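The values are calculated or read from the model by the stated rules, or taken from the named source; none is laboratory data. Just so we're clear, the structure is a prediction, and the values are computed from it rather than from any experiment. Heads up, the Cβs are rebuilt from the backbone with ideal geometry, glycines too, and the neighbour counts pull from every protein chain shown. These area figures cover heavy atoms from the full protein model, side chains too; ligands, DNA and RNA do not enter into them. Shrake-Rupley method; radii C 1.70, N 1.55, O 1.52, S 1.80 Å.
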Amino acid sequence: MRVTRALPFPSGSFLGALPLSLIPFAPRELRAAALEAASLASRTLLYPAGMAQERCASAPPAGAGEEDERVRPGSPPGGRRGKESAGDAGSREGEGCPPVLLLHGFVDNRSVFTLLRRSLVRNGWRDIRAFNYSPLTCDVRCAAELLAEYVEEVCESTGRSRIDVVGHSLGGLIARHYAQRMGGDARVRTLVTLGTPHSGTRVAPLMSAHPIVRQLRPDSDVIEELAGPAPGCRTRFVAFWSDLDQLMVPVETARLDHPDLDSRSVRVSGLGHLTLPAHWEVAAGVRRELAAGAPHRGERAGRAERGSAGAA
């Protein structure tokens, strides 16, 4: 049984994605557009710093890499984040969790996860890696093969047999293909996707000139392959989807509904596509899902029943 629960966001957020030129100018959409524009600007500035591929060095010692967090524009007074992100004060919820691999979206790089990565480090995650695939990548399956090689390197360098993966947009689809179709479920414990077109997206037909964009269409062979049977897949999937995601058409395509997969979908309200990996409330939700880990099969039914009151 799958559960969809809502994750509401206040207007005091600080980042976002692309202009919402085709959405009515209601206050809620205007706020989302402002966040999107701020996110796009910040990505442009950070992009050069994320172009180099990370090397799989051995795990850092406990406490390494932690730093004091500054109060960012738009954050609650005094640096307090509220109940949803109380862990940002420096909790240890990530202690004992497996390594986390971050996978960016189309024509992006690892710099998109700057804030999410900081949130994970401050809350106890020691092993956080990011994989860059080329912006010239033209095939989901080829990218998944490269991901598989990098995952093996991560496991070897950390001494862990399984990892967690967080994928934004196309990155989530690449990671899903690896876990669901290439035996990657033996390595991936939990896959969290942010704004990933699990059922294909119909946005911007003119963009279909790029081969990998054609693979994101609802009628593509990749989408059809992922919709096929997947018995025994051991990975737990969590799909965050937003009701104002301009690149997901329809927005519900970012949900993950598959009868053979242990999956849940989390609805995000009022954020655009580029905002998802750069928002403190989403980061808090990602941390909760990674800390929860994969439940035993016998626990799934009871867990779903308890969460059904918040289903959308």
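Some notes on this structure:
- Stretching the chain fully between H210 and S91 yields a gain of 38.5 nm (0.36 nm per residue, less the alpha carbon separation).
- For segment 82-221: accessible area per residue (Å², 1.4 Å): 36 Å²
- Rounded percent of accessible protein surface that carbon and sulfur make up, segment 119-206, 1.4 Å probe: 53 percent
- Most to least packed among 266-276, 182-192, 92-102 [average Cβ atoms within 10 Å]: 266-276, 182-192, 92-102
- In this structure, the amide hydrogen of S265, modeled 1.01 Å from its nitrogen in the peptide plane, lies closer than 5 angstrom to those of V3, T4, R5, A239, counting only residues at least 5 positions away or on a different chain.
- The amide H of L102, built 1.01 Å from its N in the peptide plane, has R129, A130, F131, V166 as neighbours under 5 Å, considering only residues 5 or more places off or on other chains.
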